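Just below is one structure, and these are the notes that go with it.
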Amino acid sequence: MIEWKQMTMQEAENKMEVLREIFDVVRLLKGSDLQAAGMERKLAGRENLCQCYAFWNKDKRCENCISLKALEEKKQTSKIEFLDSDMYQVFVRYLEIDDEPYVMEMLKKLDENTLTDEEGYEKLTEKLTVYSEKLYKDVLTGAYNRRYFEEKVKNMSLNAGVAVIDLDDFKLFNDTYGHDGGDLVLTTVVNVIRHYIRRTDILVRYGGDEFLLILPGIEKGVFSQKLRMIQEKIHATHIPGFNRLKLSVSIGGAMFTHGRLEEALTKADRLMYMAKGHKNIVVTRWEQKQNTDKMEKRNLPQLLVVDDSEMNREILKEILGKEYRILEACDGEEALKMLEQYGTEISLVLLDIIMPKMDGFEVLAYMNRDKWIEDIPVIMISSEGSESYIRRAYELGASDYISRPFDAKVVYQRVINMIKLYAKQRRLIHLVTDQIYEKEKNNRMMTGILSQIVEFRNGESRLHVLHINILTQLLLEKLMRKSENYDLSWSQQHMIATASALHDIGKIGIDEKILNKPGKLTKEEFEAMKQHTIIGARMLDRLEMYHDEEMMKYAYEICRWHHERYDGKGYPDGLKGEEIPISAQVVSLADVYDALVSDRVYKKAYSHEKAIEMILNGECGMFNPLLLECLVEIQDKVRKELDIKDVNECLEYLEEKQIKSP
């Protein structure tokens, strides 16, 4: 056994000659060189100074340098190192040569013959594999994790296709089905992707619901086909135990040939967000125009640019026009007309402050009053950069503020970020809406059947019930934007519209001769007819098991009080003003309008214009002035959307409206 002690350089060299009979590499490192700051710079032209650089093909000192550790602790230590697929055991020993500190490194290549037996080799391999998996694998999905990308992938230089895959509406999966359901979605998606990629391809869980896919040495055309196949297969996959859950992913793809991989990743990420604006599609950089054409220009997010300077509008159109449809307004008044016309079809407003007729602050005030600000984000872009202007913009609900002169890239990125945020919010709302729609489908079916029985006896067409549903929704939507006096959620508005079908359910108890009398009713007959409000309310009140249901509450209000009038001259209870529930007020106005524009056994239909005139003149009783304002403001939409003479078309319209709401 060789004895370690203080020695001369000659003794050290003799010892190294003996050790080379045992080890593959033996070398001596001077302590002062090993400790020197900026060691990498000192290595130039001195190949034998550090095997870490030459032998291990590294360009920097190891984070866990055992030679430095042995030097500092003046002891012997060892560790396992890998060079490609080969494994080495490294021993390092501290010693002093001619009173100077040194370390001696001894490297031995390991294989199955080096170890005690085959079982020991397998155990070591298994242990190292488990360690690697713990370090670089995502625990849930088994895909590589973000650390693997940062340490092993980010600096790669081979040609590859790079894709970012984002799971649509994942947050809602978690919120609706719990984390177990969300975890099952993630593992299912990863399993599908793995099934359609090669063993050499790299799948990284890059974020919570976002994956990075790297396919080395792939051609553009094959890469595109591969991404579309993955997207289609995921969409066609059923989640065990969640049959109603439909998966979709948005994918952006780019090719990496030179430069930094992160640049290709950034391009793929941007394309993924373009895809996410439409959901469940693939957008690649080289097919971007083709994909955009496929999505159709009309389906791109729509921006409203409001500025009195034509030059400023042109600059913003140049920055944003390739990926967004641009609406323009030269002042605040024109902007409000655009908002009335397009509503939430506008994804974002870029708003100047100083403008003629109506400035940007007044536009924000109107958007607050009509509740547009809750659904449509506003970015102020103005040369007015004072703190007071900025503070006031935020107080009025602006989502962001950019001062002129601005950087085009900054504007572009902030627009993208804001649209992504609101698009995700809208998708979550729509998904919840779909669930509510499915949940209440049976309610609509039953109320439709009951109302049809009544309308059949009453000699009225089924369109009357459907028209009242449409009118009720239109009036409530406008009322919620116009006033804060009535705080009804979208779900509550939907329930009121559905319950409106039962407004005349009490007519089932009225003599058919009175219901269908072609002439004017006598006083006695009219008193009998008025009883349908009480009969209907009494019928609903007897359904005791449903008393706590919110929809039943609205149905009762509508049945009993849809003939009350704002001045107290209605029936059956003579309620006045806000004593009348808003549900009954809205259905009352809708009922009167549709009765006027429809044929009845006792009269011919009036024109839309004549019906509006009669209602506003008080010829049909007094209504809430605020509701009358709403009716006037939506009358063009009322005329258009009630001009449906076919029952099936009307039902299709309601189906589409429910799906698109809120």
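The values are calculated or read from the model by the stated rules, or taken from the named source; none is laboratory data. No experiment lies behind these values; they were computed from the predicted model shown. As a convention, Cβ positions derive from the backbone with ideal geometry for all residues, glycine included, and neighbour counts pool all protein chains shown. Only protein heavy atoms, including side chains, enter the accessible area calculation; ligands, DNA and RNA are left aside. Shrake-Rupley method; radii C 1.70, N 1.55, O 1.52, S 1.80 Å.
Would you call residue 587 in contact with a Cys (Cβ under 7 Å, 6 or more places away or on another chain) and of a type in the set (A, V, I, L, M)?
no
One line per residue, one yes/no per condition, for (1) modelled with pLDDT under 85; (2) aromatic (Phe, Trp, Tyr); (3) surrounded by 15 or more Cβ atoms within 10 Å (Cβ to Cβ):
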| residue | (1), (2), (3) |
| --- | --- |
| 145 | no, no, yes |
| 177 | yes, yes, yes |
| 198 | no, no, no |
| 215 | no, no, yes |
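Within the range 150-161, is there a residue that is farther than 25 Å from residue 135 by Cβ and touching a strand residue (DSSP E or B) at 6+ places or on another chain (Cβ under 6 Å)?
Yes, that holds for at least one residue.
Taking the range 598-625 as the region of interest, how many residues are surrounded by fewer than 19 Cβ atoms within 10 Å (Cβ to Cβ), in contact with a helix residue (DSSP H, G or I) (Cβ under 7 Å, 6 or more places away or on another chain) and in contact (Cβ under 8 Å) with a residue 40 or more places away in the chain?
Total meeting the criteria: 1.
Here's a check for you: in the range 151-172, which residue that is open to solvent by 70 Å² or more (accessible area, probe 1.4 Å) and more than 20 Å from residue 249 (Cα to Cα) is modelled with the highest pLDDT?
159
Under 8 Å by Cβ, and 6 or more places apart or on different chains, what pairs join a residue from the range 59-81 that is modelled with pLDDT under 80 and among the basic types (Lys, Arg) with one that is open to solvent by 40 Å² or more (accessible area, probe 1.4 Å) and not in a loop (DSSP other than H, G, I, E, B)?
60/40; 61/40
Looking only at strands (runs of 3 or more DSSP E) that lie completely in the range 155-261, which have at least 1 residues being touching a Gly at 6+ places or on another chain (Cβ under 7 Å)? If you could, list the steps in order and put the result at the bottom.
On the way: elements: 160-167, 202-205, 210-216, 242-246, 249-256.
Ranges flagged: 160-167, 210-216, 242-246, 249-256.
With the structure loaded, tell me whether residue 204 is within 16 Å of residue 153 (Cβ to Cβ), buried (at least 19 other Cβ atoms within 10 Å of the Cβ) and of a type in the set (Val, Ile, Thr) or whether it fails that test.
When the stated conditions are applied, residue 204 passes them.
Just the residues that are under 26 Å from residue 422 (Cβ atoms) and of a type in the set (Val, Ile, Thr), please, taken from the range 166-194.
Once the filter is applied, which keeps residues that are under 26 Å from residue 422 (Cβ atoms) and of a type in the set (Val, Ile, Thr), the range 166-194 yields 176, 185, 189.
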